[in-house]
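S.K.: Take a look at the following structure, please.
The values are calculated or read from the model by the stated rules, or taken from the named source; none is laboratory data. The model shown is predicted, which means the values in this text are computed figures rather than measured ones. Please note: Cβ atoms are built from the backbone with ideal geometry, for glycine as well, and neighbour counts cover all protein chains shown. We work out accessible area using only protein heavy atoms, side chains counted, and drop any ligands, DNA or RNA first. Shrake-Rupley method; radii C 1.70, N 1.55, O 1.52, S 1.80 Å.
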Amino acid sequence: MSLEGIAGGSMRTPCRMEALVMVIVLFVGSTSAGRINETSAYQTCITTPASCTSLRLFSSSLTGTLPTELGTLTSLTLMWMHTNQLTGTLPSELGTLTSLMHMSLPVNQLTGSIPWELAALTSLKQMHFNLNQLTGTLPTELGALTSLTGLDLGDNLLTGTLPSELSTLPNLYYMDLISNHLTGTLPSELGLLASLSYLYLGSNQLTGTLPSDLGALPRLKYMRLQSNQLTGTVPSELGALTNLYRMQINHNQLRGALPSELGNLTRLSWMFVCNNTGLCGDIPAGVIPDADSRWGCPVALEGTLLGSDCPISPTTVSLSTDSPTGSTATFTPTSSPTASAPTVFPTVSPTTSSPTSSPTALPTTSPT
């Protein structure tokens, strides 16, 4: 069944309000995908469209584009049109549905960008556009959706950075932007989302470090940041996430030791850290990295140095000589007799003018 061409029988005729009403009538009865059972609600939409409060046209084999006339259903509070074969773009006219609370359009073939006009939907609680082919950047205007509790834009083709304006959503409980093409760093402002329980940002192209501000999310249960390009160390502040149940930071470029504070996460049941070649050192007491091939970690510690000593970083020193500029040298100190890296002593300019003078050794200080 198509949203286009129902009126007049032409597949090229744009859908008008009359055609939309016909769609509603047709889907009150049986369809190939099952029966829609809310006859009274649809009768309201047919007789007085301005009083229509819900459209439940999910899993109904719909094709074609979303009609701009949807914007005239000004009393609409619920729009469920997911799991169809809808194409085309999201009409900007959807921004006129100021009573809308639930908008569900996932599992379609929608393209184009997310209209900034949707920022006018200040009653909106749930926005689900996942599993489409949406492109463009995330509108910063979405930060005006102060009633929003769920934002699911995962599995699209979105680009650009994660707007810090999203941190102004005080009721946001669920944020899913997984499997897009987002770049840039994680905004430290994410730590202001006090209601956030689900943070899904995996499988993007995010860079930079893990903000220590993430440790200020008291309700966080699921943190999925896998398969990005994150660098730096794991902040000790994450040890304050006492409600955390699942942590996925695998397949990044994190380094250093896991902080001992992670041992405070007594509710942590799943932790994936594999394929961070710079992670090293002892595993904190109470922390058990997991293995599960479904999540990209067939071996728990694969691609890490966890459980072994961290490599000792080179230290750069500057030694002054009689020349106008001192020479700089690098050496690797040994911290124990068993350290594997040999000490490399610096070479500095000779203190005499003789071309055959031997290099000056490291200075020593006699005890006083």
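S.K.: Suppose the filter is within 25 Å of Thr53 (Cβ to Cβ) and surrounded by fewer than 20 Cβ atoms within 10 Å (Cβ to Cβ); does Pro91 pass it?
M.R.: Judged against the criteria, Pro91 is a match.
S.K.: Pairs, please: C-beta under 8 Å, at least 6 apart or cross-chain, first residue in contact (Cβ under 8 Å) with a residue 24 or more places away in the chain and in the range 67-78, second among the polar types (S, T, N, Q) and part of a helix (DSSP H, G or I)?
M.R.: Gly71/Thr96; Thr72/Thr96; Thr74/Thr96; Ser75/Ser51
S.K.: Determine if the range 194-216 includes at least one residue that is in contact with a strand residue (DSSP E or B) (Cβ under 8 Å, 6 or more places away or on another chain), open to solvent by less than 60 Å² (accessible area, probe 1.4 Å) and more than 22 Å from Leu262 (Cα to Cα).
M.R.: Within the range 194-216 (the criterion being in contact with a strand residue (DSSP E or B) (Cβ under 8 Å, 6 or more places away or on another chain), open to solvent by less than 60 Å² (accessible area, probe 1.4 Å) and more than 22 Å from Leu262 (Cα to Cα)), the answer is yes, since at least one residue qualifies.
S.K.: With the condition kept exactly as written, say whether any residue in the range 131-142 is open to solvent by 20 Å² or more (accessible area, probe 1.4 Å), modelled with pLDDT of 95 or more, within 24 Å of Thr77 (Cα to Cα) and of a type in the set (A, V, I, L, M).
M.R.: Yes, there is a match, as at least one residue in the range 131-142 is open to solvent by 20 Å² or more (accessible area, probe 1.4 Å), modelled with pLDDT of 95 or more, within 24 Å of Thr77 (Cα to Cα) and of a type in the set (A, V, I, L, M).
S.K.: All but one of (1) within 29 Å of Thr48 (Cβ to Cβ); (2) open to solvent by less than 50 Å² (accessible area, probe 1.4 Å); (3) out of contact with any strand residue (DSSP E or B) (no Cβ under 6 Å at 6 or more places or on another chain) hold for Thr83; state the number of the condition that does not hold.
M.R.: (2)
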